[in-house]
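Student: Here it is, the structure, as structure tokens.
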Amino acid sequence: MRSRLRAATLLLSLCSIAFVQVSRHGERAVVDEAAGRPIFLFALWGIALAAAVTALASPSSVWRPALGGLTLPAFLGICVAWGAVVYGAGLLFEYSDAPSREDVVGALIGWVLVEEFLFRGALFDLIDRVRPPGGLDAAIVGTTVLFAVSHLQYNAFDFAESAGQIAYVIPTGLLFGWIRRRTGSVWPSVVLHSLANTIAIVGGG
């Protein structure tokens with residue numbers, strides 16, 4: 001009975017987070033503009049749900065700010081290299097127009113935490129339980145695919161329109177998954193994700 005309740009809680013939470021993910025890009029339609037578009041509350045709801053799912057599905061060690069098998073210089077080197085790649089991608093694909101204040105807070109804090117807790121937290125460990133790492137890392141590949149699919153929303157799930165973005169998101173997901181595997185923590189991928197979004201926002205501004 002307890003395992004069924006746990007499974008039901010995970011399923012409901014994942015569905016709720018999926019709603020946040022899919023609807024976040026259309027928040028003007030989802031949230032009444034007369035109420036001032038409370039995007040911050042919308043993001044906090046997603047963060048709380050994602051954190052709750054991760055707490056249910058992942059070991060407590062995932063919350064430790066650790067680098068595991070990476071040294072600090074190595075991680076900083078990865079950050080610099082990744083920043084250069086993201087900047088180059090921005091020059092190639094052209095980022096969007098200058099974002100609003102809500103977009104900045106959402107991109108740097110809200111959606112980063114929702115996505116990292118969900119993909120590199122709960123889903124990573126759930127896949128690990130079904131198929132433990134060995135050979136092809138199912139958790140890294142699986143979360144990368146799901147991460148890429150979640151980004152199709154930006155082009156109304158049009159695969160042709162999303163080709164360039166998916167070409168960027170797939171290596172992003174693989175890197176974040178590898179970092180999660182190597183460190184055993186969600187926080188290094190949170191740092192990399194925030195870095196990427198910061199560069200995208202500066203590029204868009």
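Student: Does residue 176 qualify as being in a helix (DSSP H, G or I), modelled with pLDDT of 90 or more and not hydroxyl-bearing (Ser, Thr, Tyr)?
Tutor: Spelling it out, residue 176 is indeed in a helix (DSSP H, G or I), modelled with pLDDT of 90 or more and not hydroxyl-bearing (Ser, Thr, Tyr).
Student: Sticking with this structure for a sec: Tell me, yes or no, whether segment 181-198 has at least one residue that is modelled with pLDDT under 80 and of a type outside the set (Phe, Trp, Tyr).
Tutor: Looking through segment 181-198, none of the residues is modelled with pLDDT under 80 and of a type outside the set (Phe, Trp, Tyr).
Student: Residues being part of a loop (DSSP other than H, G, I, E, B) and either touching a Phe, Trp or Tyr at 6+ places or on another chain (Cβ under 7 Å) or open to solvent by less than 50 Å² (accessible area, probe 1.4 Å) (or both): count how many of those fall in segment 70-93.
Tutor: 1
Student: Working carefully through the options 23, 16, find the one that is open to solvent by less than 60 Å² (accessible area, probe 1.4 Å), over 19 Å from residue 165 (Cβ atoms) and either modelled with pLDDT of 80 or more or in a helix (DSSP H, G or I) (or both).
Tutor: 16
The values are calculated or read from the model by the stated rules, or taken from the named source; none is laboratory data. Computed from a prediction, not measured in an experiment: that's the story for all the values here. Reconstructed Cβ throughout: ideal geometry from the backbone, glycine too, with neighbour counts over all protein chains shown. Areas reflect the complete protein model, heavy atoms only, side chains present, ligands, DNA and RNA absent. Shrake-Rupley method; radii C 1.70, N 1.55, O 1.52, S 1.80 Å.
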